[in-house]
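What follows is a short report on a single structure.
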Amino acid sequence: MIHSREARLFGIGAGIGTVLLSVIYVAVLAVGLATLAAPDAPIADPWFTSMEILILLLMPFMTGFMVAVHAFAPPAKRVFSLMAVLFMAMVAMLTSIVHFAILTLARLPDFAGMDPVFAFRWPSVAYALDILAWDVFFAVSMFCAAPVFTGGGLRRAIRLALLASGILSLAGLAGVAAGDMQLRNIGIIGYVGTFPIAVALTVVLFLRTRMRAEE
């Protein structure tokens, strides 16, 4: 269990930040998709740049949230929660490198014509690395975090939401196998749609835990 007031508040803050930034990201994504010049055209600026910045802002909050989950875990489950932290840190590091490089290097004249490396569409190095981060590392983090929340009620809802997020994210690899990135949208539902729900439910659990601990 979370042993300190500071750890609980940290988890609540990281969770709220994750949910709020995720909601903003979904809103920007929706506007970007609605303004596409053609169905197969990439999302244009300023929406694409805004999404890149939001992803970079999200990473500390998501990693911090998983650290709070580790602090919450009972001793018998710490092996799973530690793995969840490590894999979320790998997500944060890899996707931050990818999106920071796209925001900076990819826009310089010296890197013009390097679409196979920087273009955020399949196939490219940047896109492949981002798939590795979100459809593999993120899924593993979810599968490891889920066992922390044992029991029924709210804990069961969190556990199921984390498992669903991991399964959907992993299913996004079907896009790579089939060479059809539309199938990768299944994975996007996992980490953009389902994960914030799991985080919001966990924040409620942290709040309840805090209230009981401080009574």
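Details
- When the test is whether a residue is out of contact with any strand residue (DSSP E or B) (no Cβ under 9 Å at 6 or more places or on another chain), surrounded by 18 or more Cβ atoms within 10 Å (Cβ to Cβ), in contact (Cβ under 8 Å) with a residue 60 or more places away in the chain and assigned to a helix (DSSP H, G or I), Val85 does not pass it.
- Residues (out of contact with any Asp or Glu (no Cβ under 9 Å at 6 or more places or on another chain) and crowded, with 18+ Cβ neighbours inside 10 Å) located in segment 91-103: Val91, Ala92
- Residue in segment 23-41 that is under 16 Å from Val203 (Cβ atoms), of a type in the set (A, V, I, L, M, F, W, C), assigned to a helix (DSSP H, G or I) and modelled with pLDDT of 90 or more present: yes
- The requirement of being in contact with a Lys or Arg (Cβ under 9 Å, 6 or more places away or on another chain), crowded, with 17+ Cβ neighbours inside 10 Å and among the hydrophobic types (A, V, I, L, M, F, W, C) is satisfied by Val176.
- Residue list for segment 46-55, restricted to those being within 20 Å of Ile197 (Cα to Cα) and touching a residue at least 40 places away in the same chain (Cβ under 8 Å): Ile55
- Yes/no for Ile43 being closer than 24 Å to Pro196 by Cβ, of a type in the set (A, V, I, L, M) and without any contact (Cβ under 8 Å) to a residue 40 or more places away in the chain: yes
Results for (1) under 13 Å from the mean Cα position of the chain (by Cα); (2) over 21 Å from Thr63 (Cβ atoms); (3) surrounded by fewer than 17 Cβ atoms within 10 Å (Cβ to Cβ), shown as yes or no for each residue.
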residue	(1), (2), (3)
Asp130	yes, no, no
Trp134	yes, no, no
Leu160	no, yes, yes
Leu170	yes, no, no
Gly187	yes, no, no
Thr194	yes, no, no
Val199	yes, no, no
Thr202	no, no, no
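- Helices (runs of 4 or more DSSP H) within segment 126-188 that include 3 or more residues at pLDDT below 95 and either farther than 18 Å from Met88 by Cβ or not polar (S, T, N, Q) (or both): 174-178, 185-188
The values are calculated or read from the model by the stated rules, or taken from the named source; none is laboratory data. Here the structure is a predicted model, which is why all the values come from computation and not from measurement. All Cβ positions, glycine included, derive from the backbone under ideal geometry; neighbour counts span all protein chains shown.
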